[in-house]
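Down below is the structure, laid out as structure tokens.
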Amino acid sequence: MSIAKDNGSLSLVLIGGSSGSFAIFEEIIRLVRNPLSFALIFVLHRGKSSTAVLPEIFKNKTNVAMSEPYHLDPIEANSIYFAYPDYHLLIGPDRRFYYDCTDKDFFSRPSIDATFISAAVSGISVKAAMLFSGSSADGALGMKTLAQKGFPTYVQNPAEAESPRMPEQALLAYEKHRVMTRANLFSIINDILQ
């Protein structure tokens, strides 16, 4: 196992989830304080007809800039990004976001796997990747890829997840992810966000 080559000082914190993850995402955003030394990227399964603009929903939770980035937008530290509905959000080696409209993964676009795998091979350092509640296996391959590249990976305890399938599948694909429980979940997240 070798850690992927760092592409300069930019680093990423990746967070994925689906059904049952929204409340945890909100709590994570409440913990975020300016300035962040990394880019925080959330991938939440949303349907193509979703009209929710997550930066607007969460705007009163933190003072860190938030956006749903556009195709070719630069990835910058001290920013929070949310994958846009009905597009896979990819991380480019040139430190830009790319949108992809290929087939859905596990009936979902955005796909957690697409974002996480592209980050793993981008050459950009990943400070941590976390996977939470969800009802599909999306994210399992991306988390495994990140872990095999030497990046820290964390999954919510499936027994405590509202929808346990996503964290279960991640642990079945790679059993060495660190498991976050109710007792240590926000302590771990707070440490990562420092």
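The values are calculated or read from the model by the stated rules, or taken from the named source; none is laboratory data. What you see is a predicted model, and the numbers here were worked out from it, not measured in a lab. Positions of Cβ are generated from backbone atoms using ideal geometry, with glycine treated the same way; all protein chains shown enter the neighbour counts. Quick note on the areas: whole protein, heavy atoms, side chains included, nothing else; ligands and nucleic acids left out. Shrake-Rupley method; radii C 1.70, N 1.55, O 1.52, S 1.80 Å.
Stokes-Einstein diffusion for segment 16-96 at 10 °C, viscosity 1.306 mPa s, with a Kirkwood radius from C-alpha pairs, works out to 121 µm²/s. Of the solvent-accessible surface of segment 90-194, computed with a 1.4 Å probe and all protein chains present, 50% belongs to carbon and sulfur. Charging the Cβ of each Asp and Glu at -1 and of each Lys and Arg at +1, and nothing else, the dipole of the chain about its Cα centre rounds to 280 debye.
Percent of Cα pairs in segment 141-194 per distance bin of 5 Å, from zero to the largest separation: 4, 21, 28, 24, 18, 4. Taking a Cβ cut-off of under 10 Å around residue 90, the surrounding Lys, Arg, Asp and Glu residues balance to a net charge of 0, with basic ones at +1 and acidic ones at -1. Over the chain, the Kirkwood radius and the radius of gyration, each from Cα atoms, give a ratio Rg/Rh of 0.92. With a cut-off of 15 Å between beta carbons, the residues surrounding residue 167 carry a summed charge of -1, where Lys and Arg count +1 and Asp and Glu -1. Considering every Cα-Cα pair within segment 101-194, what fraction, in whole percent, is farther apart than 15 Å? Distances greater than 15 Å cover 57 percent of the Cα pairs.
Suppose R0 equals 35 Å. What FRET efficiency, 1/(1 + (r/R0)^6) with r the Cβ-Cβ distance, do residue 186 and residue 73 give to the nearest 0.05? For R0 = 35 Å, the calculated efficiency reads 0.75.
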